[in-house]
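See below for the structure under consideration.
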Amino acid sequence: MKTTRLLARAALIAGSFLTIPTAQAQQPAGFTRTDLQRHDLSAPGREAVQVRVDIEPGKAFGRHTHPGEEIIYVLTGTLEYEVDGRPPATLKAGDVLFIPAGTIHAAKNVG
């Protein structure tokens, strides 16, 4: 990674088990979402979606939910997660986090 643009990428791979297909919305500035794979599961009407999300330093996802579970793996950087019902968590490269379906959460790249 070039030091001239210290984009402390807090990238994550999230596997969401969705009950409905997701529409690819326009990406907000500071975020890059790359769909890696999408497969139907053995449970009818369910699919697994694996994405990589690159978040620029200081950028945040506001409070939101997903219709399915979210599995986070941090590739680089440091993420701060707020998950309802839990104390805030700071994740660094190699850390993982599981967020149950419908749980309100937010994330910020803090380095």
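Things worth noting here:
- Condition met for Ala101 (of a type in the set (A, V, I, L, M) and in a strand (DSSP E or B)): no
- Among the residues of region 62-98, the ones that are touching a Leu at 6+ places or on another chain (Cβ under 7 Å), in a loop (DSSP other than H, G, I, E, B) and over 24 Å from Glu47 (Cβ atoms) come to 1 in all.
- If only residues of region 44-86 that are under 16 Å from Pro100 (Cβ atoms) and over 13 Å from the mean Cα position of the chain (by Cα) are counted, the one that is surrounded by the fewest Cβ atoms within 10 Å (Cβ to Cβ) is Gly85.
- Residue pairs whose Cβ atoms lie under 7 Å apart, separated by 6 or more positions or on different chains, with the first residue in region 50-78 and more than 14 Å from Arg33 (Cβ to Cβ) and the second among the acidic types (Asp, Glu) and modelled with pLDDT of 95 or more, are Val74/Asp95.
The values are calculated or read from the model by the stated rules, or taken from the named source; none is laboratory data. What you are looking at is a predicted structure, and each value in this text was computed from that prediction instead of being measured. Heads up, the Cβs are rebuilt from the backbone with ideal geometry, glycines too, and the neighbour counts pull from every protein chain shown.
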